[in-house]
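Here's the structure we're looking at; comments come further down.
The values are calculated or read from the model by the stated rules, or taken from the named source; none is laboratory data. Because the structure is predicted, anything quoted here is derived from the model rather than measured. Every residue, glycine as well, gets a Cβ built from its backbone with ideal geometry; the counts of neighbours run over all protein chains shown. Just the protein is used for accessible areas: all its heavy atoms, side chains included, with ligands, DNA and RNA removed. Shrake-Rupley method; radii C 1.70, N 1.55, O 1.52, S 1.80 Å.
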Amino acid sequence: MIGLKDKIANSIIDFLKQNNIDAKKEDILFMFKKPEKLEFGDIAFPVFRYAKDFRKPPVEIAEQVKGFFEANPLKEIEKIEVINGYVNFHISPQWMFEKLVKEFEEKGEDFYKSDVLKGKTFVVEFSSPNIAKPFSIGHLRSTVIGNFLRNLLKSLGANVIGINHIGDWGTQFGKLIVAFKLWGNEEELEKDPVKYMLSLYVRFHKEAEENPSLEDKAREAFLNLEKGSEEERKLWEKFRTLSLKEFEKTYKRLNVHFDKVLGEAFYSDKIDRVVKILEEKGLLEESENALVVKLDDYNMPPCLIKKSDGATLYATRDIAAAIYRKETFDFDRMFYVVGSEQKLHFKQFFKVLELAGFEWAKDMEHIDFGLYRFKDGKMSTRKGRVILLEEVLDEAVNRIKEIMNEKNPDLTEEERENVSEILGTGAIIFNDLKNDRIKDVQFSWDEVLNFEGESGPYISYSFVRCKGIFRKAEGIEESGKYTATHESEIALIKKLFEFKDIMLSAYNNRKSHFIANYLLDLTKSFTTFYHNCRVVGEDKGISSFRKMLVKLTMNTLKAGADILGMRLPDRM
RNA sequence: GCACCUGUAGCUCAGCAGGAUAGAGCACAGGAUUCCUAAUCCUGGUGUCGCAGGUUCGAAUCCUGCCAGGUGCACCA
């Protein structure tokens, strides 16, 4: 659509020039609007703002624009209508259809991929769970949003490095080490590592309330760890390995991939250099026995670089990580997919990097998101008030299995097993990505386990219908010859044609719900088509044309689902 | 206290680089299955777009103030 909009804008500029009005292309493109209703056409151009220049009512100006296009016609435009102050362009569905077919024939399943970001390197830091803490529903957000961005950027042609920035360093490990030494049991740890570590963690906080000296012990233990003390190191490694192994399972279920898994600990030997750099730039100050970079001039609290006991903080490690990544990957842009409660932290350390003279600090971006909360408050690992992700996934998968047993008992046990896994995990992923990430999400089992209407399975359902048609229509050859006879076919073509524009705005806004909502729209257009137009059993030309529409729909659904990181089944 | 985010139908949310009569899903009621799987579709109706001003030919959308909820504000991440 972008190329076409360009063309129309050029014509409008010519028209305005004839009337002694100068206009920039960007401004015209900016004014284009998508009409609210299908019958109003595909591109609307409001002319109200030219009423003064022309000294005429908008409707008359719109008529003149229409006249200009009729004198200088564009083949893509089927019809132009003037309604109120709008010039409504109706784009030829045949032209759109043929363009889609051509693209598909050239590129096949990669039809939606482009090279708008070709040659650009992106680093996406996401997921980043804390070792020794269970993977809660809260971690789901960073994981699926980051995975979505990684997929989207790739399909736009970018070189992407997705990094799982594991939280494997910090005072929390001091706590865990102390707790394990005091109350730990090797056997139980091996049995169910993460759950056991969580119980130790919870117990630590409970006992620390009575006995604050535990906190000091924890700080000491972490300091020992940083200094390389062998006893602490060994325990830490054990915790880390056991946790990672469990996370792997979850990532597999979620269809999430990383290019690098580099924990915070990885940067621990790169921190001295950071301190030195900041020192050389004269940014470091001692304050209350700690080393800080003051940010008063920027209306922010100081950024802590070293604690009064000499231990590092996560800001320090983040700075080291950023420098390392710039030097290693030479990124054009870096995304941090982290909750909005850390907004200030990112503002602070971005500013510190900028002050240290790293001009690429401007290329870093915090992709923030709201948190999952209960009706009556926040989730908290410390208090054990969490919903585990595995729990949610299992529940969804089980619920789907029940539905499948009831609706489709003909499938084999194995197939039902596989499909319910795909649908269940997909439902959870879709549910997370379908709303604007900026908003908090109220966790509700009813909402999460509702598979009707605007849900993951609804998307899957359409895809499965497409597959079904393909099985039934095996003998029919799909054809690029346009023979639309029903309005639902045209509506579907127009919706299919939007996909690439949607991908771009999803990228520009870094928001998954653009894609998710598009898929819902596409699905709705498809079901209307599905209920009105049969593929099998019609005249040859009509069947072939419709089969092509089904093929395009099927592949667009697949493409969108791939970008969201959601798998689709062939049957359900 | 200061900063940032959010406030749209009973509920969950789209729409918010100003533009046409503010839309979906859920829930509720009724209807559709000799036909590519009814996890579907069709029909029903709801709104002081948090409140008050301002900018504009035009504001849910932009600006200001207020209200409500959330988040953050030095040794946790």
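With labels modelled as points extended 7 Å from the Cα through the Cβ direction, what inter-label distance (nm, one decimal) is found for A:Gln94 paired with A:His531?
Rounded to a tenth, the inter-label distance reads 3.0 nm.
Would you calculate, for chain A, the mean residue ellipticity at 222 nm contributed by helices, counting each DSSP H stretch of 4 or more residues as -39,500 (n - 2.57) and dividing by all residues, to the nearest 500?
Working: 21 runs with 321 residues, N = 572.
Computed mean residue ellipticity for chain A: -18500 deg cm²/dmol.
What's the ranking of A:117-124, A:407-414 by average number of surrounding C-beta atoms within 10 Å, highest first?
Values: A:117-124: 18.4, A:407-414: 10.2.
Result, highest mean first: A:117-124, A:407-414.
Which lysines, on any chain, are close to A:Lys25 with Cα under 17 Å apart, when same-chain ones fewer than 8 places away are left out?
The reachable lysines, counting only those whose Cα sits under 17 Å from A:Lys25, are A:Lys5, A:Lys7, A:Lys17, A:Lys33.
Find the accessible area per residue for chain A; the probe is 1.4 Å, ligands and nucleic acids are left out, and the unit is Å².
Details: 27130 Å² over 572 residues.
Using a 1.4 Å probe on heavy atoms only, each residue of chain A averages 47 Å².
What is the packing order of peptides A:94-103, A:453-462, taking the mean over residues of other C-beta atoms within 10 Å and listing the highest first?
Values: A:94-103: 18.3, A:453-462: 21.1.
In descending order of packing, they fall as A:453-462, A:94-103.
What is the sum of charges, Lys and Arg at +1 and Asp and Glu at -1, for the other residues whose Cβ falls under 13 Å from the Cβ of A:Gly119? Mind showing how you got there, number by number?
Numbers: positive: A:Lys118, A:Lys120, A:Arg333; negative: A:Asp115, A:Asp330, A:Asp332.
With Lys, Arg at +1 and Asp, Glu at -1, the net is 0.
Beyond a 20 Å Cα-Cα separation, which of these cross-linked pairs lie in this structure: A:Lys120/A:Lys260; A:Lys294/A:Lys343; A:Lys133/A:Lys434?
Working: A:Lys120/A:Lys260 18 Å; A:Lys294/A:Lys343 17 Å; A:Lys133/A:Lys434 27 Å.
Result: A:Lys133/A:Lys434 exceed 20 Å.
Where a Cα-Cα gap under 12 Å defines reach, which aspartates and glutamates qualify for A:Lys175, not counting those fewer than 8 residues away within the same chain?
A:Glu207, A:Glu215, A:Asp216, A:Glu220, A:Glu232
Cα gyration tensor of the stretch A:288-425, axes a ≥ b ≥ c as square roots of the eigenvalues: rounded (a/c below 1.5), prolate (a/b > b/c) or oblate?
Note, shape of the stretch A:288-425 comes out prolate.
Once label points are set 7 Å from the Cα along Cα→Cβ at both A:Asp297 and A:Lys107, what is their separation, rounded to one decimal in nm?
Taking the two extended label points, one gets 4.7 nm.
Go ahead and run the numbers for FRET between A:Lys191 and A:Asp269, Cβ-Cβ distance against an R0 of 30 Å, rounding to 0.05.
Numbers: r = 34 Å, r/R0 = 1.12.
In this case the efficiency is close to 0.35.
Would you work out what percent of the accessible area of the stretch A:103-231, with all protein chains in place, is carbon or sulfur (probe 1.4 Å)?
Details: 2260 of 5350 Å².
The value for the stretch A:103-231 is 42 percent carbon and sulfur by accessible area.
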